[in-house]
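Written below as structure tokens is the structure these notes are about.
The values are calculated or read from the model by the stated rules, or taken from the named source; none is laboratory data. Fair warning: this is a prediction, and the values are worked out from it, not measured in the lab. When we count neighbours, we look across all protein chains shown, and the Cβ atoms used for this are built from the backbone with ideal geometry, even at glycine. Quick note on the areas: whole protein, heavy atoms, side chains included, nothing else; ligands and nucleic acids left out. Shrake-Rupley method; radii C 1.70, N 1.55, O 1.52, S 1.80 Å.
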Amino acid sequence: MYIVRNLVDFFNKPIIIELMAKFIIQGGKPLSGEIKVAGSKNAALKIFPVALLTKETIRISNAPEIEDVSRARETLIALGGEVKKINSPAGGGVFDIKLKSNKYIDLPSELVNKFRASIMFVGPMLATRGEASFPHPGGCVIGAGSRPIDMFLDGFKKMGAKVEIIRYGSGQVYRLTAKKLKSAEIFFPKITVTGTESLMMTACLAEGETILKNCAMEPEITALADFLNSIGAKIEGAGAPTIKIKGVNKLKGGEYKIIPDRIDAGTFAILAAASNSGEVLIKNCNPGHLEALWSLFDKIGINYVLEKNNIKIMPVKKFFACDIMTHEYPGFVTDLQSPYTVLMTQARGSSLIHETIYDRRLIFADILTQMGANITMCDPHRAVVTGPTKLYGRKLISPDLRAGAALIIAALIANGKTEIDNIYQIDRGYEKLDERLRNLGADIKRID
């Protein structure tokens, strides 16, 4: 274990991370060809908890082969579920998931500590078992301290749950109990994707009609609601600020095809634009989920073509800087802020990067300056990037999932060799990223 001081001096808080596998990247290679988008990480993680709400089988297809999905599968099994992998000639992860036992009420700490979406299992446990116990969820350290779960707990309370916090040493466990969940009117003081999905899912088996206000509007929420409706739920308004859910007695089984990962697609589009060395075709995606990115590409001068399920990025003589401010969907997604910051190191002029969602997401900018980028930190939420500048390979450590992907982009366009440690964080969200990038001509190797 190592304390990485150079990543955290700005915030005066050390991050402790474990160094494991790493990527070795030889930068400066021209990139061109085709690359396929995987199934959505954020959609895949939310379907496994649904298995706790029905006694019938749910078949999942197009599941990405990533670490977070493996943790979700393991969590479902630990809670009494069964997961069977199905061989499919069409490719993509296909699984049959089914509940076998309702007796387990403790979420395993060794799994909860690894991924934040573990909180999604709590509502279904309350709805069907009347009790749930769990430590604080893990995931990327990109908020102040650990990312809060207050809105989840407040929502469960309004639906009739009792919340206890049991402290031991320096840790704590949440214990939630509810004899029968009831309907409620819940206003989210801050837009929350997982909060919206969790309470929407939980309300499916609650008595009466639940109304959720100030909801997130991401495509993954609409996809989840559509599937829940297909197995017997009564949900109206998903994809809009207000969602209404009428409780039902039971849900059945069904088939859920996971939508393409819009962050995957956006990351590859930004990589192709930053490399600016060849034509790149991004396949099996939904361009309509990235309208904010295309609007920016129009402003800065990126040459692209949108097709029904594909995106084509072509080289340009030059492109220009443009400010961004991250915002909840359909605004510019925070998960693409880090890759876009790398893109701006190659643009002409200065751009202001304003991160409004997570106060530590700009932490990786210090690493880019070590690679030669001209970046001035204004405060934890804002940075000014001036380009174009040449980047140079270095030995780096990935601080979180999305910054890790951004550092890969930086390494691919940099001169010389880059080593990126702590790539477990990257594996959490990107399926076989090194293999897919090699299809474009990238010189990237995994060292385990």
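Structure values in brief
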{"quantity": "Cβ-Cβ under 8 Å pairs, at least 6 apart or on other chains, region 60-72 side open to solvent by 30 Å² or more (accessible area, probe 1.4 Å), far side assigned to a helix (DSSP H, G or I)", "calculated": "E67/Y424; E67/D427"}
{"quantity": "Entirely in region 42-128, the strands (runs of 3 or more DSSP E) that have 2 or more residues that are at pLDDT below 95 and in contact with a Lys or Arg (Cβ under 7 Å, 6 or more places away or on another chain)", "calculated": "none"}
{"quantity": "Pick from region 304-313, criterion farther than 20 Å from P330 by Cβ and not in a loop (DSSP other than H, G, I, E, B), ranking: least open to solvent (accessible area, probe 1.4 Å)", "calculated": "I313"}
{"quantity": "Residues of region 316-337 satisfying the condition of being surrounded by fewer than 19 Cβ atoms within 10 Å (Cβ to Cβ) and either over 21 Å from K190 (Cα atoms) or free of Cβ contacts under 8 Å to residues at least 24 places away in the same chain (or both)", "calculated": "V316, K317, K318, F320, D323"}
{"quantity": "Of all residues making up region 362-394, the number that are open to solvent by less than 40 Å² (accessible area, probe 1.4 Å), under 26 Å from Q26 (Cα atoms) and either among the charged types (D, E, K, R) or not in a loop (DSSP other than H, G, I, E, B) (or both)", "calculated": "9"}
{"quantity": "Residue match in region 196-213 (condition: among the aliphatic types (A, V, I, L, M), touching a residue at least 12 places away in the same chain (Cβ under 8 Å) and within 20 Å of T334 (Cα to Cα))", "calculated": "no"}
{"quantity": "Qualifying residue in region 407-426 (condition: over 19 Å from M371 (Cα atoms) and either open to solvent by less than 10 Å² (accessible area, probe 1.4 Å) or modelled with pLDDT of 95 or more (or both))", "calculated": "yes"}
{"quantity": "Subset of region 20-41 [surrounded by fewer than 21 Cβ atoms within 10 Å (Cβ to Cβ), in a loop (DSSP other than H, G, I, E, B), in contact with a helix residue (DSSP H, G or I) (Cβ under 8 Å, 6 or more places away or on another chain) and modelled with pLDDT of 95 or more]", "calculated": "G28, K29, P30"}
{"quantity": "Scope region 155-191; condition under 25 Å from N229 (Cα atoms) and buried (at least 22 other Cβ atoms within 10 Å of the Cβ); matching residues", "calculated": "G155, F156, M159, A161, A178, L181, I186"}
{"quantity": "Complete set of residues in region 395-405 that are open to solvent by 20 Å² or more (accessible area, probe 1.4 Å) and either aliphatic (A, V, I, L, M) or touching a Cys at 6+ places or on another chain (Cβ under 6 Å) (or both)", "calculated": "I397"}
{"quantity": "Which numbered condition V342 fails, given (1) open to solvent by less than 20 Å² (accessible area, probe 1.4 Å); (2) over 23 Å from P315 (Cβ atoms)", "calculated": "(2)"}
{"quantity": "Residue within region 349-370 that is at positive phi and more than 25 Å from the chain's Cα centre (by Cα) present", "calculated": "yes"}
{"quantity": "Number of positions in region 292-333 that are closer than 24 Å to T389 by Cβ and of a type in the set (S, T, N, Q)", "calculated": "2"}
{"quantity": "Filtered residues of region 329-341 (kept if under 20 Å from K41 (Cβ atoms) and touching a Leu at 6+ places or on another chain (Cβ under 9 Å))", "calculated": "F332, V333, D335, L336, Q337, S338, P339, Y340"}
{"quantity": "Filtered residues of region 408-426 (kept if closer than 21 Å to T341 by Cα and of a type outside the set (A, V, I, L, M))", "calculated": "N415, G416, K417, T418, E419, D421, N422, Q425"}
{"quantity": "Of residues in region 345-357 being among the hydrophobic types (A, V, I, L, M, F, W, C) and open to solvent by 10 Å² or more (accessible area, probe 1.4 Å), the one modelled with the highest pLDDT", "calculated": "L352"}
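Let's see how each residue does on (1) at positive phi; (2) touching a residue at least 24 places away in the same chain (Cβ under 8 Å); (3) in a loop (DSSP other than H, G, I, E, B):
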residue: L407; (1), (2), (3): no, yes, no
residue: I426; (1), (2), (3): no, yes, no
residue: E431; (1), (2), (3): no, yes, yes
residue: R436; (1), (2), (3): no, yes, no
residue: G441; (1), (2), (3): yes, yes, yes
